[in-house]
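Heads up, the thing below is written out as structure tokens.
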Amino acid sequence: PEWEKAVAAQTASAPEKELSENQKLIAVYTSRTVGIASQDFRKKSIAAVGVGAGSYMIEKLVRLCPAHIKLCDPDRIELANLSRTAYTLEDAKTNALKVDALAARLKEVNPFVRVDCYPAKLNDLTLTERREFFLGVDLIIAGTDNLECQALCNDMAVLFAIPAVFIGIHAGGNG
């Protein structure tokens, strides 16, 4: 099969040391992203604040195989969320936390990424929790529909010198 050829090619180009089984699987998983995503991207950590409408984008980023993603959002999934998110009807029926449902989805599409969940509003985290959330992060994605939280994301990006992307939002999640 094609994936075995990809593993063989990756293995042949590796130094003399033997690749672990996990490294071989990652090589196959990322084989079609060569030239699209840098090898360094696999070492990156991303913090996503607000994981509703941005859930599709977060999933696409995780498919590029970063090392780690942190999700922060206090909200639960409702039926009205389904038309513009990556969540399922089952998620809405169980009123699942957005961070937990997205974490499960991300692990299904990329079992190699580490996912940490913070089921809280960023503004409600203590200073210690905020520091922990942003520690080691290489990119902030601010997708929250709360302007105070957007401002706090900006403050944290400036304080910790982390690049940030502010994705389109609607006031109060409506619109």
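Rule-based calculations on the coordinates, nothing more; no lab input. The structure displayed is predicted, hence computed values, not measured ones. As a convention, Cβ positions derive from the backbone with ideal geometry for all residues, glycine included, and neighbour counts pool all protein chains shown.
For the chain, calculate the relative contact order in percent as a whole number, restricting contacts to Cα pairs under 8 Å that are 6 or more residues apart.
Working: 267 pairs, mean separation 37.0, N = 175.
Across the chain, relative contact order equals 21 percent.
State the number of lysine pairs found in the chain whose Cα atoms come within less than 15 Å, restricting to pairs 8 or more positions apart or on distinct chains.
11
Would you mind computing, in nm to one decimal, how far apart the modelled labels at Val34 and Asp138 are, each placed 7 Å from Cα along Cα→Cβ?
According to this spin-label approximation, the distance is 2.0 nm.
If exposed GluC sites (Glu not before Pro) are those in a DSSP loop with at most 15 other Cβ within 10 Å, what is the longest stretch of the chain that has none?
79-175
Can you give the local net charge around Asn95? Use residues other than it whose beta-carbon is closer than 13 angstrom to its beta-carbon, Lys and Arg +1, Asp and Glu -1.
-2
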